Amino acid sequence: MYFYKLLKFLGAPLKEEILKKILIFLVVFTALSYIVFNKSKTVEESIIHVSNCSIMQDTCHVKINELSSLSFDASPKGLPPIKVATVTVQLNNIQANKIEVLFTGVELNYSSPKIDLNKINNQIFNGRVFLLLCTLQKTNWVANMTVYTDTHIWKIAFPFIHSGDGYNIINPSSLINQ
């Protein structure tokens with residue numbers, strides 16, 4: 001009420017000047033509030049190393065916290081080299097914005113291209129992987145998954161052993177018998 005009486009008392013040019021300053025103040029205040037509010041959001045990062053499951057044989061289940069978990073599956077089982085495989089992540093009580101998977105051959109000094117999984121719905125993400133390398137020896141691999149939410153980033157490592165000779169890529173005994 002007092003402000004209105006003050007504006008009425010002042011002349012028209014002075015009113016316009018005061019209103020411009022008030023408008024500028026409100027715009028600046030709103031912008032600064034937005035910046036401060038968004039800076040206060042912190043994203044926590046956690047690393048989980050899965051040692052009791054191999055995606056070569058099973059669907060791996062990972063407990064993220066007391067309420068949340070996820071499942072990671074690769075199909076076909078065994079991840080045949082030089083064949084396309086599908087990886088699927090099913091979420092339980094996690095609202096992920098994005099999930100990435102990177103396969104790394106430990107002794108081979110090799111990494112597949114990073115795969116951005118497709119969001120099928122709020123609980124399921126999937127994508128295709130192609131392990132380009134073909135070996136006749138067992139090799140150590142790690143499927144490195146990164147799950148992004150608004151407040152958290154989980155980096156989950158799934159180590160596994162790939163038995164390169166398990167797919168009859170070269171089967172000397174079958175060649176001898178022919």
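The values are calculated or read from the model by the stated rules, or taken from the named source; none is laboratory data. Predicted model, so just to flag it, every value in this text is computed and none were measured. With ideal geometry, Cβ positions are generated from the backbone for all residues, glycine too; neighbour counts draw on all protein chains shown.
Please enumerate the residues belonging to the range 57-90 that are touching a helix residue (DSSP H, G or I) at 6+ places or on another chain (Cβ under 8 Å) and of a type in the set (Gly, Ala, Ser).
78
Quickly run through the range 65-83 and pick out the residues that are more than 15 Å from residue 155 (Cβ to Cβ), touching a Ser or Thr at 6+ places or on another chain (Cβ under 9 Å) and outside any loop (DSSP other than H, G, I, E, B).
Answer for the range 65-83, where residues must be more than 15 Å from residue 155 (Cβ to Cβ), touching a Ser or Thr at 6+ places or on another chain (Cβ under 9 Å) and outside any loop (DSSP other than H, G, I, E, B): 71, 73, 74, 75.
Answer yes if at least one residue in the range 20-37 is at pLDDT below 95 and surrounded by 13 or more Cβ atoms within 10 Å (Cβ to Cβ), and no otherwise.
No, there is no match, as no residue in the range 20-37 is at pLDDT below 95 and surrounded by 13 or more Cβ atoms within 10 Å (Cβ to Cβ).
Counting only residues that are among the small types (Gly, Ala, Ser) and out of contact with any Gly (no Cβ under 8 Å at 6 or more places or on another chain), which one in the range 56-83 is farthest from residue 99 (Cα to Cα)?
For the range 56-83, the residue satisfying everything is 75.
Restricting to the range 126-143, count the residues that are modelled with pLDDT of 85 or more and over 11 Å from residue 105 (Cα atoms).
Qualifying residue count, the range 126-143: 4.
Condition check ((1) within 21 Å of the chain's Cα centre (by Cα); (2) under 24 Å from residue 137 (Cβ atoms); (3) surrounded by fewer than 17 Cβ atoms within 10 Å (Cβ to Cβ); (4) of a type in the set (A, V, I, L, M)) across all residues:
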site	(1), (2), (3), (4)
44	yes, no, yes, no
51	yes, yes, yes, no
67	yes, no, yes, yes
89	yes, no, no, yes
96	yes, no, no, yes
102	yes, yes, yes, yes
105	yes, yes, no, no
109	no, yes, yes, no
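Please state which one of 104, 86 is touching a residue at least 24 places away in the same chain (Cβ under 8 Å), touching a Phe, Trp or Tyr at 6+ places or on another chain (Cβ under 8 Å), in a strand (DSSP E or B) and not hydrophobic (A, V, I, L, M, F, W, C). Before the answer, list the steps.
Numbers: 86 fails: touching a Phe, Trp or Tyr at 6+ places or on another chain (Cβ under 8 Å).
When all the criteria are applied, what remains is 104.
Report whether or not residue 120 is of a type in the set (A, V, I, L, M), more than 20 Å from residue 57 (Cα to Cα) and within 11 Å of the chain's Cα centre (by Cα).
Taking the combined requirement at face value, the residue does not satisfy it.
Please go through the range 69-87 and give me each residue that is on the phi < 0 side of the Ramachandran plot, of a type in the set (A, V, I, L, M, F, W, C) and surrounded by 15 or more Cβ atoms within 10 Å (Cβ to Cβ), ordered by number.
70, 72, 74, 85, 87, listed by residue number.
Within the range 4-11, is even one residue surrounded by 10 or more Cβ atoms within 10 Å (Cβ to Cβ), at pLDDT below 90 and not in a loop (DSSP other than H, G, I, E, B)?
yes
Please indicate, with yes or no, whether at least one residue in the range 155-174 is modelled with pLDDT of 85 or more, surrounded by fewer than 17 Cβ atoms within 10 Å (Cβ to Cβ) and more than 20 Å from residue 58 (Cβ to Cβ).
Yes, there is a match, as at least one residue in the range 155-174 is modelled with pLDDT of 85 or more, surrounded by fewer than 17 Cβ atoms within 10 Å (Cβ to Cβ) and more than 20 Å from residue 58 (Cβ to Cβ).
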